[in-house]
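The values are calculated or read from the model by the stated rules, or taken from the named source; none is laboratory data. This structure is a prediction, so every number in the text was calculated from the model and none was measured. Every residue, glycine among them, receives a Cβ derived from its backbone with ideal geometry; neighbour counts consider all protein chains shown. Heads up: the accessible areas ignore ligands, DNA and RNA and are worked out on the full protein's heavy atoms, side chains in. Shrake-Rupley method; radii C 1.70, N 1.55, O 1.52, S 1.80 Å.
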Amino acid sequence: MSGRVAGKVAVVTGAARGVGRACALRLAEEGADLVLLDIGVVTRMATVPDDLATADDLYQVAERARALGREVVSRFVDVRDGDALRAAVQAGVAALGSVDIAVPAAGVRSRGGAWTMPEAQWRAMIEVNLTGVWQTAKAVAPVMVGQGAGSIVFIGSALAHAPVAGYAHLAAAKHGVAGLVRSFALELAGTGVRANSVDPGPLDDTGVADVANAVLYLASDEARGVTGSSIVVGSA
């Protein structure tokens, strides 16, 4: 089946790399126009071992989506900044007409002992992987409610279902995301807006594609009766 989200507009955070990139391009393949958001910096966060996505990373995703015939709005946004997120969502609505799908995929990853990690490491994880997710959902929900339709597909984690040593901060953030899914689903019930999550375990390239396909399903009208649910992809 093709064109499963044709005519829809999807906001994707963390769109420059990894799961966010895969979800954005999968939605574009199936017809969605895109609002692509990422931090767009070259430097690292002090507590995160990996480089953050760059402006060029986001540019390349936008160009791939445009090559598929999609309309694209891209912005550099730190998901911890609620005002910037809301401004980016409004820019997307102004340019593309609506926001029908949101995928809060932005996140950071690090490893540390539950009782030995520095406080700064804990705070960075919670601020990006939980507060940033809440800020994203908060930014899109009023637009979707006003339209009477929408799908927020949170990116959770299998860590919310089974623990793994060394990731207490990430597990805490993702348990929080699971709570957001249920809360948004409950509070948006009757508005036409759905909230669900895809919860990945460890992923290789094939697994990332599986996550993107699960996101596509929950974003599409095929899942119009599904809310407050999670789909686990891979294993913890």
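Can you say whether residue 128 is outside any loop (DSSP other than H, G, I, E, B) and aliphatic (A, V, I, L, M), as far as the supplied structure shows? Give the steps one after another, and end with the answer.
Details: outside any loop (DSSP other than H, G, I, E, B): yes; aliphatic (A, V, I, L, M): yes.
Yes, satisfied.
For the stretch 183-207, what are the residues that are part of a helix (DSSP H, G or I) and either of a type in the set (Gly, Ala, Ser) or out of contact with any strand residue (DSSP E or B) (no Cβ under 8 Å at 6 or more places or on another chain) (or both)?
183, 185, 186, 187, 205, 206, 207
If I filter the stretch 154-162 for residues that are in contact with a Gly (Cβ under 6 Å, 6 or more places away or on another chain), polar (S, T, N, Q) and within 27 Å of residue 48 (Cα to Cα), do I get at least one hit? Break it down into steps so the answer makes sense when it comes.
First, the residues of the stretch 154-162 that are in contact with a Gly (Cβ under 6 Å, 6 or more places away or on another chain): 158.
Among the residues that remain, those that are also polar (S, T, N, Q) are: none.
No.
Being at negative phi and open to solvent by 30 Å² or more (accessible area, probe 1.4 Å) is the filter here; which residues of the stretch 85-99 pass it?
86, 87, 90, 93, 94, 95, 96
Go through (1) of a type in the set (A, V, I, L, M, F, W, C); (2) at pLDDT 95 or above; (3) open to solvent by 20 Å² or more (accessible area, probe 1.4 Å); (4) touching a strand residue (DSSP E or B) at 6+ places or on another chain (Cβ under 8 Å) for residue 61 and report which single condition fails.
(3)
Given the options 103, 41, name the one that is of a type in the set (A, V, I, L, M) and open to solvent by less than 40 Å² (accessible area, probe 1.4 Å). I'd like the intermediate steps shown before the answer.
On the way: 41 fails: open to solvent by less than 40 Å² (accessible area, probe 1.4 Å).
Going through 103, 41 in turn, the sole match is 103.
Residues 53, 24, 16: which one is touching a Lys or Arg at 6+ places or on another chain (Cβ under 8 Å) and open to solvent by less than 60 Å² (accessible area, probe 1.4 Å)?
Exactly one of 53, 24, 16 is touching a Lys or Arg at 6+ places or on another chain (Cβ under 8 Å) and open to solvent by less than 60 Å² (accessible area, probe 1.4 Å), namely 53.
Condition first: polar (S, T, N, Q), in contact (Cβ under 8 Å) with a residue 40 or more places away in the chain, open to solvent by 40 Å² or more (accessible area, probe 1.4 Å) and closer than 22 Å to residue 20 by Cβ. Can you find one or more residues in the stretch 183-204 that meet it?
Looking through the stretch 183-204, none of the residues is polar (S, T, N, Q), in contact (Cβ under 8 Å) with a residue 40 or more places away in the chain, open to solvent by 40 Å² or more (accessible area, probe 1.4 Å) and closer than 22 Å to residue 20 by Cβ.
With the requirement that a residue be under 14 Å from residue 101 (Cβ atoms) and under 14 Å from the mean Cα position of the chain (by Cα), what does the stretch 198-218 give you? Lay out the reasoning, then the answer.
Taking the stretch 198-218 first, the residues under 14 Å from residue 101 (Cβ atoms) are 198, 212, 214-218.
Listed by number, the residues that qualify are 198, 212, 214, 215, 216, 218.
For the stretch 119-154, enumerate the residues that are touching a Ser or Thr at 6+ places or on another chain (Cβ under 6 Å) and aromatic (Phe, Trp, Tyr).
Passing the criteria: only 154.
Please find, among 115, 134, the residue that is in a helix (DSSP H, G or I) and either within 16 Å of residue 193 (Cα to Cα) or free of Cβ contacts under 8 Å to residues at least 24 places away in the same chain (or both).
134
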